[in-house]
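Heads up: the structure comes next, in structure tokens.
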Amino acid sequence: MKAPFLFLCAAFSLFAFSDGRGVEPVEVEHPVTKFLAIKAPEKISAVFWTVQRSLCTMQISFPSLPDKQKQPEHPRTQVWLLKADGTVIPQTYKPSTNGISMANHTTDSIIYVFPASAKTEACAAVISIGNEFFIQTLPPSAK
């Protein structure tokens, strides 16, 4: 009679401190994304600043086009994140271009990746789109 009782106690203790599968639950990350007020009509559709635990990103999205229409050559873009002293925070990786298709339209985006330290160090972003330059302070709520 003791063995089944001890087995049930041991099994209960495993479930009491886990998610029921005998492993610890994984913490879900909730990135903070802010829409930046950068306007370059017919060149881009939006710019997003995203802060995550392990990295920060700046995403430049181009105008959406019907799926069957060939994407045009997008304007050249570049992003610099500035610290309060004016120095630049280097990118972690080369920018990557991604396309997202939804409702028979595709939106291309280019994503610039920065270290997690940019969350607290970056005060402003300088973004070039074609021959235009935009300076945007980063929202304090995203820091």
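Restricting the first residue to the stretch 124-135 and requiring it to be in contact (Cβ under 8 Å) with a residue 40 or more places away in the chain, which pairs with a second residue that is small (G, A, S) meet a Cβ separation below 7 Å and a spacing of at least six or different chains?
Sorted first by the residue in the stretch 124-135, then by its partner, the pairs are I129/A40; E132/A40.
Quick check on I44: is it touching a Pro at 6+ places or on another chain (Cβ under 9 Å), assigned to a loop (DSSP other than H, G, I, E, B) and crowded, with 16+ Cβ neighbours inside 10 Å? Even if it seems obvious, please write down each step before you answer.
Details: touching a Pro at 6+ places or on another chain (Cβ under 9 Å): yes; assigned to a loop (DSSP other than H, G, I, E, B): yes; crowded, with 16+ Cβ neighbours inside 10 Å: yes.
Taking the combined requirement at face value, the residue satisfies it.
Against the definition (farther than 14 Å from Q78 by Cβ, surrounded by fewer than 17 Cβ atoms within 10 Å (Cβ to Cβ), out of contact with any strand residue (DSSP E or B) (no Cβ under 9 Å at 6 or more places or on another chain) and among the hydroxyl-bearing types (S, T, Y)), how does T137 come out, yes or no?
Criteria not met by T137.
Report yes if some residue within the stretch 67-77 is β-branched (V, I, T), under 18 Å from the mean Cα position of the chain (by Cα) and under 19 Å from S117 (Cβ atoms); otherwise report no.
The answer is no, given that none of the residues of the stretch 67-77 is β-branched (V, I, T), under 18 Å from the mean Cα position of the chain (by Cα) and under 19 Å from S117 (Cβ atoms).
What single numbered condition from (1) surrounded by 18 or more Cβ atoms within 10 Å (Cβ to Cβ); (2) modelled with pLDDT of 95 or more fails to hold for I111?
If we test I111 against (1) surrounded by 18 or more Cβ atoms within 10 Å (Cβ to Cβ); (2) modelled with pLDDT of 95 or more, just (1) comes out false.
The values are calculated or read from the model by the stated rules, or taken from the named source; none is laboratory data. This is a predicted model, so every value here is computed, not measured. Don't worry about glycine lacking a Cβ; one is built from the backbone with ideal geometry, like all the others, and counts go over all protein chains shown.
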